[in-house]
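Here is the structure we will look at.
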Amino acid sequence: MHPEKPKHDFEPKIIAFVCTWCTYAGADLAGTSRMQYPPNVRVLKFPCTGRIDPVFILKAFQQGADGVLVSGCHPGDCHYIAGNFHARRRFAAFRKLLEFVGVDLNRLQFSWVSAAEGGKWVEVVTELTEKVRSMGPMVEFKELALEEQWSGAIDTPELKEAYEQI
Amino acid sequence: MSRIGVFICHCGENISRTVDVERVAAQVGKLPGVAFSTDYKYMCSDPGQNLLKKAIQEQKLSHIVVAACSPRMHERTFRKAVEAAGLNPFLCEMANIREHCSWVHEDKEEATAKAIEIVGMMVERVKKNRVLPTITVPVTKRSLVIGGGIAGIQAALDIADCGHEVILVEREPSIGGHMAQLSETFPTLDCSQCIMTPKMVDVANHPKITLYTWSEVELVEGYIGNFQVTIRRKARSVDEDKCTGCGVCMEKCPIKKIPNKFDCNLGMRPAIYVPFPQAVPNTPVIDRANCTKFKTGKCGLCQKVCGPGAIDYEQEDTLVVEPVGAIVVATGFDLYTIDEKPKGSAIKGYGEFGHGKIPDVIDGMTFERLASASGPTGGKILRPSDGKEPKQIVFIQCIGSRAREKGISYCSKVCCMYTAKHTMLYHHKVHDGQAYVFFMDARTPGKNYDEFWRRSIEEEEAVYIRGMVSRLYQKGDKIVVMGSDIAVGVQVEIEADMVVLATAVQPQKGADSLAQKLGISYDKYNFYSEAHAKLRPVECATAGIYLAGACQGPKDIPDAVSQASAAAAKVMTLFAKDKLEREPIVARVKEGGCVGCFACKKVCAYGAVEEKEIRDRQGNLIKVVAYVNPGVCGGCGTCQATCPSKSVELDGYTDEQIVAMIEAL
Ligand SMILES: Cc1cc2nc3c(=O)[nH]c(=O)nc-3n(C[C@H](O)[C@H](O)[C@H](O)COP(=O)(O)OP(=O)(O)OC[C@H]3O[C@@H](n4cnc5c(N)ncnc54)[C@H](O)[C@@H]3O)c2cc1C
Ligand code: SF4
Ligand code: SF4
Ligand code: FES
């Protein structure tokens, strides 16, 4: 018999954006090695992390993801030479933006998992799931989306001035 | 409206043990657009595939999702089956419910719920899949080999022997490269010229090889199977067709004292010359910078003495354009020079070793020329300064190599072995002499290599001192070498007659500019990068371009030759087909939206993005947009994520397809 699994009140939704060549293959290896990890993650396969548009991450949060993982080949190992370097640069800027709009960066994780690192995949997914579970459901972004529609009050002199000028 | 068929595989019990496959089939069967949904024990088996084909035809299915193992396992299988049933293969997707689900979870409830979501995601994705045509490009079955060292020679011969035309371009007046300069070669001590020159002659005589020496690649256009290469044939001032190679011109040329680069400047040559007697082709060139006729207009002696009238002072550079389908780059290496720091290089000089200042401090290649029977001293080891035989000789390894703080962290790979060889050659020629070697480690992996190295110590009496040299200076006609022997922990001081430095192997000068012409990548030292360090070691990431020899990293002759034959095999694999088929996962530009910022061009590691002019009917330029060459595109999609106006799209991974999956969650 398997040990009784603890039941949680909250099961977070984790979306993983991964490249085919390294992380997807690493996750496959975790499978062939029959390693176990929480079932919270849904994997979206891309040819390369270079293809991953930050908009997808926003979209995932909007669609109710509580955590997002982006993972690809280790720096220097990208199947397409340099896609992961471009991705890294892009996401560095994107993180700042997310922070600015008030998303807790603990919900977004980047990692390099190679095709040989089935164990690392399990670790990364398990840790992120647990971390996000302890943070509770992602509400910031949904609130933000609402706020955006309502567009906010023009209640400071600076805002008023800016508003006038448009 | 799509009529999607979903097929859930049990994989024996591999999936069905933890996933309730019937429930998955029932659940996804309810999704909008799904016309047919079933489960089966082994989808990949013949009956499984037949079930799929039959359903496509009977149910008139438009899109397929097979929920089974990883697409890395069977995507091809199912796409082929789908194609056989008359659907475009790219309208079929796999949902991975084995590696990503049944094998990594134990709770059947959880695993089933997850499987339903995974399949649901793929159903939404496949709705957005489009028919993708197979891309075929024609193949020109001729190849270009750049660099005529041993690697380039081997590759050219192998390809030509298979019956394909080869254009071999060498920038020096003769082919041969560094191997032609060597005296004897490790690990067998056979004479380099004896094994090299027959191959050079084979190249010259091969009906399938066109040899352009004293030539350089000027421009490379096109892509795999379809390159157009422009080659600059530098003016030789000698008509190659007329010249018989008699050499009278060289004898009669009054200018005699020009240091010969081939002999590491130890020997002299005339202004009209071949670099060495066995040169291929045996046609001289006039070194215009040193020729009196070109400097003052007088002389013209060589023209007078040349029987066949081959001398042509008016000759100009010519450009030839050659269409080729594949390119082998074999431009080899250069040795690190200690005295002059290369311009713009981050590598720091090694002035402390006196190279270039003390005449009897030489590098390994100069030693090769001294030891060579056809060299400037006829094979006698003599000091450059006074022509005396050195009785005490010090070899210092790892000059430049493995010194991160100086800018080169790699090992030059051949120095341990050639230094061992040098101590042997020295001992054979100077019986009463003593050789000392300062070394950090002896790195001798390779067949019969360690045995060879040991022989230099055990039989040829070389004294190996583990440690680096701290100081070296001229004292009278001796060179004082001070260093430490870290094995015993003492300082050593040797009064040497000659010092030989094993300087680092570096890429050829100008390796980076050639790489830019070819659109291939190179590392921080300018060595060319292979597509994959382990599994694609002779291919460039740029399709249709292959690497051979020391241009990719330090290599000895056996390695250079193996890689050259491997590159030739790759070229032949390419030429085995008349047309090239490739997966249609390539980027496409939506010209309407493209603003011509070329951000995509900057990030494309394959050089696949070109500039395309859009003109109106009158021929006025409207705008310049990006165009992705489908033959070159690697299919990474970096351009798409970069494009600010969302005008480039990677087929098979469009925003629509991905967003559909995210929205399915
Ligand atoms: C001192 C010394 C001793 C050695 N002894 C041994 C030994 O005993 N045994 C052994 O196995 N190995 C030995 N080696 C290593 C051996 O020299 C190399 O493995 C071998 O020469 C590599 O061949 P290659 O064809 O790759 O390069 P190269 O020999 O460097 O040939 C490259 C060719 O390309 C040409 N070229 C360069 N750039 C261009 C361009 N842009 N366009 C056109 N042509 C171009 C060059 O002119 C040259 O002809 C030794 C090396 C050194 C330095
Ligand atoms: S398709 Fe995959 S899951 Fe199904 S039987 Fe074949 S290997 Fe197993
Ligand atoms: S998909 Fe990759 S290889 Fe193709 S054009 Fe875009 S950046 Fe270049
Ligand atoms: S292919 Fe994995 S990051 Fe580019």
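The values are calculated or read from the model by the stated rules, or taken from the named source; none is laboratory data. All of these numbers come straight from a predicted model, not from anything done at the bench. With ideal geometry, Cβ positions are generated from the backbone for all residues, glycine too; neighbour counts draw on all protein chains shown. Surface accessibility is based on the protein's heavy atoms, side chains included, excluding ligands, DNA and RNA. Shrake-Rupley method; radii C 1.70, N 1.55, O 1.52, S 1.80 Å.
Tabulated results
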| read-out | value |
| --- | --- |
| Pairwise label distance in nanometres, B:V321 with B:E251, each label 7 Å out on the Cα-Cβ vector | 4.5 |
| Kirkwood-type radius of region B:587-664, with distances r between different C-alpha atoms, in Å | 13.1 |
| Orientation-averaged projected area, Cα convex hull of region B:235-315 (nm²) | 4.9 |
| Tilt relative to chain B, helix B:46-58 - C-alpha long axis, 0 to 90 degrees, to 10 | 60 |
| Distant-in-sequence amide H partners of A:V70 (H built 1.01 Å from N, under 5 Å) | A:F17, A:Q109, A:F110, A:S111 |
| Derived scalar couplings ³J(HN,Hα) [region B:180-191; Karplus, 6.51 cos²θ - 1.76 cosθ + 1.60; whole Hz; x for Gly, Pro] | 5, 7, 6, 7, 10, 10, 6, x, 10, 6, 8, 6 |
| Per-q log10 I(q)/I(0), chain B, q = 0.05, 0.07 Å⁻¹ (Debye; single scatterer per alpha-carbon; no solvent) | -0.36, -0.64 |
| Extended-chain gain in nm, criterion 0.36 nm per residue less alpha-carbon gap, B:Q303 and B:D616 | 106.9 nm |
| Region B:426-530, relative contact order [Cα under 8 Å, separation at least 6], % | 16 |
| Nonlocal amide H pairs with B:M268, under 5 Å, H built at 1.01 Å | B:N260 |
| The protein assembly as shown: antiparallel DSSP beta bridges as a percent of all, rounded to 5 | 45 |
| Probe 1.4 Å, all protein chains present, accessible-area order of A:W112, B:W103, largest first | A:W112, B:W103 |
| Distance violations [Cα-Cα > 18 Å] among B:K257/B:K509; A:K45/B:K128; B:K517/B:K602; B:K261/B:K509; B:K30/B:K114; B:K421/B:K555 | B:K257/B:K509 |
| Computed label-point distance, nm, for sites B:A26 and B:Q491 using a 7 Å Cα→Cβ extension | 9.0 |
| Two-site FRET efficiency, B:H428 against B:S385, from Cβ-Cβ distance with R₀ of 30 Å, rounded to 0.05 | 0.85 |
| Mean-position separation - Cα centroids, region B:397-414 and region B:441-510, in angstrom | 14 |
| Using alpha-carbon coordinates, inclination of helix B:150-161 to the longest axis of chain B, degrees | 60 |
| Cα-centre dipole for the protein assembly as shown with unit charges at Cβ (Lys and Arg positive, Asp and Glu negative), debye to 20 | 1320 |
| Relative contact order (percent, whole number), chain B, Cα cutoff 8 Å, 6+ residue spacing | 13 |
| FRET E, pair B:D202, A:F100, Förster distance 51 Å, beta-carbon r, rounded to 0.05 | 0.15 |
| Region B:543-665, dipole about Cα centre (Lys/Arg Cβ +1, Asp/Glu Cβ -1), debye to the nearest 20 | 320 |
| Whether region B:91-157 is rounded, prolate or oblate, judged on the alpha carbon gyration tensor where a/c under 1.5 counts as rounded | oblate |
| Reduction of at least 30 Å² in accessible surface, 1.4 Å probe, comparing all protein chains with the chain by itself, residues of region B:89-116 | B:E99, B:H100, B:W103, B:V104, B:H105, B:E106, B:E110, B:K114 |
| Per residue value of the accessible surface for region B:587-664 (all protein chains in place, 1.4 Å probe), Å² | 44 |
| For chain B, share of DSSP beta bridges that run antiparallel, in % to the nearest 5 | 55 |
| Degrees, to the nearest 10: B:449-458 long Cα axis against longest axis of chain B | 30 |
| Cα-based shape type of region A:14-137, given that a ≥ b ≥ c are square roots of the gyration tensor eigenvalues and the cut on a/c is 1.5 | oblate |
| Solvent-accessible area buried by B and A, counting both chains, probe 1.4 angstrom, square angstrom | 3800 |
| Relative contact order (percent, whole number), region B:4-127, Cα cutoff 8 Å, 6+ residue spacing | 32 |
| Mean projected area (nm²) of the alpha-carbon convex hull when region B:13-75 is viewed from all directions | 4.5 |
| Intensity falloff of the protein assembly as shown expressed as log10 I(q)/I(0), Debye formula with alpha-carbon point scatterers, at q = 0.05, 0.06, 0.07 Å⁻¹ | -0.39, -0.55, -0.71 |
| Cβ-Cβ FRET estimate between B:T573 and B:K646, R0 fixed at 25 Å, reported to 0.05 | 0.10 |
| Estimated translational D of region A:1-86 in µm²/s (Stokes, Kirkwood radius over Cα pairs; 37 °C; 0.692 mPa s) | 229 |
| Amide H partners (placed H, <5 Å) of B:E218, local residues excluded | B:T230, B:I231, B:R232 |
| Inter-centroid distance (Cα atoms) of region B:190-229 relative to region B:112-180, Å | 20 |
| Cα gyration tensor category, rounded, prolate or oblate, for region B:346-481 with a/c compared to 1.5 | oblate |
| At least 20 Å² accessible surface lost relative to isolated chain, residues of region A:66-93 (1.4 Å probe) | A:H79, A:Y80, A:I81, A:H86, A:R90 |
